[in-house]
Amino acid sequence: MTTSFDRRTFLKGTTTGVGLGLFGAMGLYSYSSLRESFLPQVKRKMNDIGVLKSVNVTNISETSWFENAILMGDIKKAGGLLVNQYDYNWPPFGNGKGLGKGSYAEGIAKIKPYLPHDLEKAWEVISANTVSTDNAGGYAALLDIEEMDGTKRKFLLDSGWSYKWMDESFKREGIDKMLENKEIEALIISHEHFDHFWGLPVTLKYDPEITIYIPEGFYEEGKQYIKDSGHKGKVIEVKNGLNKIIPGLATYVFPIPIICRVFGEQSIYCNVKDKGLVSVTGCCHQGIIQFAETAYTELAYEKDNFYGIYGGLHISPFDDWDPKYDDLVISLKNYDFDVIGCNHCTGLVCANKFIQAGYPVVRGTAKHRSKDTAYLGNGDQIKFG
């Protein structure tokens, strides 16, 4: 009896040991260069986008909404993540009929007379006709570029969501004056989502003639909203793939479906002299791996080095966690970024995992309603170069 028990225990232990050994070996294999030896070699295109001296990013607002529970509750009650975003009855497109019963046409009709010159009056109307009005925030960032000859150029990435919150944020960072003085030469919209695009009239209030870059894939409501908001300048619909804007700065449009019936995201690559590539995102719905791999296969950049990344990395936007997200955290190590400036839909849980993993995360100050110092908050800046 004793002998039999010992034998079974021995065999069980042996089997478990072999299983764990194999599992461990597979884990090591998955994250090692051994795996790459069995994959086809990637032919790099090495597109030259030029170089620039430095890029300074000001986080105007990374707080797209203030309470996850309110936003997710609205989405769930309205029918889920595939519902057309213009039907939620969120600000600014409210018709007073309640959650999930909105429409672009009815909502814009109530506020169009006030766009973009009287946003306070527009917000009064919006507050009376939309749901979860005060939960709206927005995402926007300013890119301050220094070219190789010392010339300074500014680009705005996204225009946020709430007219009220974004106007306050613009004034806090001096964006209103920069727009009025025509110091910002273009607005680059990352994608059509409510928290990046619906605050457009705030930008147009101060510069209605600004050039706007939108990614291919905008729906008719989005294109009409640009007109209805009082825009009088050029709109450039950027085709899928690489688009060079100035020496050292290019955008890339990823043709991908996104929740709430949005399609396509435009992200930014900056090639910094003697440093490497800086990748700037709105939400990075294409995924951080595809974002980095696209740079590797498409672009030539200084020292063949991933110098930095800034923006939302879309790993844990609602601060939940799935074990598969750990793979993303581990995989990020393969790209060996020198500097990581994350926030927004990266999620605080993920930012803390980056820090625990020893990644070079730049911490923030948790000012202006940003919730934690684990990532760059509202009003914080990061310089590359």
Would you pick out the residues in the stretch 251-278 that are over 30 Å from ILE111 (Cα atoms) and more than 16 Å from the chain's Cα centre (by Cα)? ASN271, VAL272, LYS273, ASP274, LYS275, GLY276, LEU277
Is at least one residue of the stretch 288-306 touching a residue at least 60 places away in the same chain (Cβ under 8 Å), among the small types (Gly, Ala, Ser) and part of a loop (DSSP other than H, G, I, E, B)? no
Quick one: ALA292 ticks every box in (1) closer than 28 Å to LYS273 by Cα; (2) in contact with a Leu (Cβ under 6 Å, 6 or more places away or on another chain) except a single one, so which number is it? (2)
Cβ-Cβ below 7 Å, separation at least six or inter-chain, first residue in the stretch 93-122 and hydroxyl-bearing (Ser, Thr, Tyr) and modelled with pLDDT of 95 or more, second open to solvent by 20 Å² or more (accessible area, probe 1.4 Å) and in a helix (DSSP H, G or I): which pairs? SER103/ASP87; TYR104/GLU221; TYR114/LYS121
Picking from GLU221, GLU265, the residue that is farther than 22 Å from LYS303 by Cβ, at pLDDT 95 or above, acidic (Asp, Glu) and open to solvent by 10 Å² or more (accessible area, probe 1.4 Å) would be GLU221
Cross-chain or 6+ apart pairs with Cβ under 7 Å, the stretch 48-62 first and open to solvent by less than 10 Å² (accessible area, probe 1.4 Å), then part of a loop (DSSP other than H, G, I, E, B) and basic (Lys, Arg): LEU52/LYS273
Suppose the filter is touching a residue at least 24 places away in the same chain (Cβ under 8 Å) and over 25 Å from GLY137 (Cβ atoms); does ILE330 pass it? yes
Matching residues in the stretch 75-88 - criterion: being open to solvent by 20 Å² or more (accessible area, probe 1.4 Å) and not small (Gly, Ala, Ser): LYS76, LYS77, LEU81, LEU82, VAL83, ASN84, ASP87
I want to confirm something. Restricting to the stretch 328-374 and keeping residues that are within 14 Å of ILE288 (Cα to Cα), touching a helix residue (DSSP H, G or I) at 6+ places or on another chain (Cβ under 8 Å) and of a type in the set (A, V, I, L, M), which single residue is most open to solvent (accessible area, probe 1.4 Å)? LEU328
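The values are calculated or read from the model by the stated rules, or taken from the named source; none is laboratory data. Small disclaimer: the values here were computed from a predicted structure and weren't measured. A quick note on method: Cβ atoms are made from the backbone with ideal geometry, for glycine too, and the neighbour counts reach across all protein chains shown. The protein model used for the area step is the full one, side chains on, heavy atoms only, and it has no ligands, DNA or RNA in it. Shrake-Rupley method; radii C 1.70, N 1.55, O 1.52, S 1.80 Å.
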